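Reading through the structure tokens given below for one structure.
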């Protein structure tokens, strides 16, 4: 399994989600590769540059992952335009008001990811 976690800038929520998901996968005996990055710079670039090769390049990158987790709904809407299978996209509905590895964020992620990982 290949999991991708997306937040705005890839600095707080998505790295924390990778940490929590790795713990869940280990506990369940699941072999999974996990990555995270910030999607906001890509979405901003799409507004500036609507070149098809940019969308195609990002779509090919996103196609590699079996599950994609976004922190907010606007992120799901943003990547929908790349033509990826939206059945593999899961919105966790976690606002950008947590610090990296904050215990409250880890608890929320543990609860939301337990059934999805």
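The values are calculated or read from the model by the stated rules, or taken from the named source; none is laboratory data. Keep in mind it's a predicted model, so treat the numbers as computed, not measured. Neighbour counts are summed over all protein chains in view; Cβ atoms, including those assigned to glycine, are modelled from backbone coordinates with ideal geometry.
Values for this structure:
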| quantity | calculated |
| --- | --- |
| Residue that is nearest to residue 116 (Cα to Cα) [pool: residues in region 7-40 that are touching a helix residue (DSSP H, G or I) at 6+ places or on another chain (Cβ under 9 Å) and part of a strand (DSSP E or B)] | 34 |
| Subset of region 47-58 that is in a helix (DSSP H, G or I) and exposed (fewer than 14 other Cβ atoms within 10 Å of the Cβ) - its residue that is modelled with the lowest pLDDT | 48 |
| Hits in region 94-117 - residues which are over 12 Å from residue 12 (Cα atoms), out of contact with any strand residue (DSSP E or B) (no Cβ under 9 Å at 6 or more places or on another chain), assigned to a loop (DSSP other than H, G, I, E, B) and free of Cβ contacts under 8 Å to residues at least 60 places away in the same chain | 115 |
| Residue that is nearest to the chain's Cα centre (by Cα) [pool: residues in region 1-18 that are surrounded by fewer than 16 Cβ atoms within 10 Å (Cβ to Cβ) and farther than 18 Å from residue 97 by Cα] | 2 |
| Count of residues meeting criterion [over 24 Å from residue 33 (Cβ atoms) and assigned to a helix (DSSP H, G or I)] in region 59-93 | 3 |
